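Participant: I'd like to ask some things about the structure below.
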Amino acid sequence: MQKLISSTDQIKIIDSDALIVIDMQNDFLPGGSLAVPDGDKIIPDINTLAKLFFQKNQVVFTQDWHPPNHQSFASSHPGKNTFDEFSAHGLGPVLWPDHCVQGSEGADFASNIDSILAKMILRKGYHREIDSYSAFLENDKQTKTGLNAYLKSFNVTRVFVCGLALDYCVKYTSLDAKTLGFDTYIVQDLSKPVNTDETVLIALLNELKESDVHLVNLAQFQEF
Ligand SMILES: [Zn+2]
């Protein structure tokens, strides 16, 4: 059992660590179809952190990768509007604008994110009937992406998660990582939420802490 890192400790990256960079794609950045406020502001610092991990650790980049007419899109449901509440097996709680359609410019990584540092690019959300917020399990909570076995094949025991969006894909990736047995940390200053309401954000951070998903910041990593 590794010692828990507090929010002030220095972090030394060790062999069993991995970095997971979530969905740094054009559609999630300002100007994109499902823009996360200030999503572009975290790119330079994610590049800095990914360079630190790249030397000897696993670096995974994820890519939301939907077919046209994906069932998470409001446009796939006649009479529905974007952000309408919607609940179905593996879908919801809302319907999204069309985003990250396979092969589209919106699905590309941001031009200034160093995706060259990804040792593994994991695409998710390609099943038309199921969404996938988590990089480990799709939203039916059963369909695996393969990431768990991949990381464990490299003896990874501790993961650091950053990217977009804090309240969806970063959150659910982190909760699943914890459930799957990884010591799990979110690099909080390298992640931005869709919903920036402060009360909602505080509730989210409390939910993560209660699930033993811990929060750290870039400045804690050694060499800074
Ligand atoms: Zn999506």
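Participant: Counting only residues that are assigned to a loop (DSSP other than H, G, I, E, B) and touching a Gly at 6+ places or on another chain (Cβ under 9 Å), which one in the range 121-135 is farthest from the ligand (Cβ to nearest atom)?
Facilitator: Glu129
Participant: Please tell me if Ser33 is assigned to a helix (DSSP H, G or I), farther than 29 Å from Ala219 by Cβ, among the hydroxyl-bearing types (Ser, Thr, Tyr) and within 15 Å of the ligand (Cβ to nearest atom).
Facilitator: Numbers: assigned to a helix (DSSP H, G or I): no; farther than 29 Å from Ala219 by Cβ: yes; among the hydroxyl-bearing types (Ser, Thr, Tyr): yes; within 15 Å of the ligand (Cβ to nearest atom): yes.
No, not satisfied.
Participant: How many residues does the range 173-197 contain that are assigned to a helix (DSSP H, G or I) and over 25 Å from Gly31 (Cβ atoms)? Even if it seems obvious, please write down each step before you answer.
Facilitator: In the first step, residues of the range 173-197 are kept if they are assigned to a helix (DSSP H, G or I); the result is 173-179.
Next, from what is left, pick out any that are over 25 Å from Gly31 (Cβ atoms): 174-179.
Of the residues in that region, 6 qualify.
Participant: Quick check, is Asp114 within 23 Å of Leu166 (Cβ to Cβ), among the acidic types (Asp, Glu) and under 17 Å from the mean Cα position of the chain (by Cα)?
Facilitator: Working: within 23 Å of Leu166 (Cβ to Cβ): yes; among the acidic types (Asp, Glu): yes; under 17 Å from the mean Cα position of the chain (by Cα): yes.
Yes, satisfied.
Taken together, the values in this text are just the output of simple stated rules run on the coordinates, not laboratory data. Everything quoted here is computed from the prediction, not taken from an experiment. Neighbour counts run over all protein chains shown; Cβ positions are idealised from the backbone, glycine included.
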